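Just so you know, all these numbers are worked out from the coordinates, no wet-lab data involved. Keep in mind that what you see is a predicted model, and the values were worked out from it rather than measured. Counting neighbours? That spans all protein chains shown, and the Cβs are built from the backbone with ideal geometry, glycine included.
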Amino acid sequence: MELFTHHLLEFCILSLLRQEDLYLHQMAQRLSHRSGGAFPLGENELYPHIFRLMGQGLISDRKDQPEKRRARIYYHLEPAGEARLEELLKEYRQTVSGTEGLLHSCGL
């Protein structure tokens, strides 16, 4: 189950970044809100996933510091991340379809 959750979070993070660059707090809020509370993750829980995705070249970061405000690090989806997202989307759709078929065949 841990491997499934690991890839699911990767999928969710890449999906959010496909829409726009986000800083970590925004990402945590959107994951929780858009999932209906299924992913109530704090920023500290996202860091390992973010660093891993950066290490794989799937996302990048940039620092933005508006006048007299604390700097924010925004994360951006790179072309390799876009390709990985497409792979994960295909796997997700196949998994959902297969699971639905199995459940249906079991009368559920």
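With runs of 4+ DSSP H residues as the only contributors, calculate the mean residue ellipticity of the chain at 222 nm using -39,500 (n - 2.57) per run, divided by the residue total and rounded to the nearest 500.
Details: 4 runs with 69 residues, N = 108.
Value at 222 nm, helices only, nearest 500: -21500 deg cm²/dmol.
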Can you give the convex hull volume per residue for the Cα atoms of the chain, as a whole number of Å³? 113
Note: the stretch 1-61 at 25 °C, 0.890 mPa s; Kirkwood Rh on alpha carbon pairs; Stokes-Einstein D in µm²/s works out to 210
Could you check the simple spin-label distance between H33 and D21, using points 7 Å along Cα→Cβ, in nm with one decimal? 2.0
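Can you sort H49, H76 from fewest to most other Cβ atoms within 10 Å of each residue's own Cβ? Could the numbers behind the result be given before it?
On the way: H49 17, H76 13.
Result, fewest neighbours first: H76, H49.
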Size of the dipole of the chain about the Cα centre, Lys and Arg at +1 and Asp and Glu at -1 on the beta carbon, nothing else charged, in debye to 20? 380
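With a cut-off of at most 14 other beta carbons within 10 Å, and DSSP calling the residue loop, which GluC sites (Glu not before Pro) in the stretch 10-62 qualify? Please list them. Could the numbers behind the result be given before it?
Details: sites: E10, E20, E43, E45; in loops: E20.
When the GluC sites (Glu not before Pro) of the stretch 10-62 are filtered for loop state and at most 14 Cβ neighbours within 10 Å, E20 remain.
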Rounded tilt (10° steps) of 79-105 against the dominant C-alpha axis of the chain: 30
Longest DSSP-loop-exposure-free segment, trypsin sites (Lys or Arg not before Pro), the chain, at most 15 other Cβ within 10 Å: 1-67
How far, in degrees from 0 to 90, does helix 2-19 lean away from the longest principal axis of the Cα atoms of the chain, to the nearest 10? 60
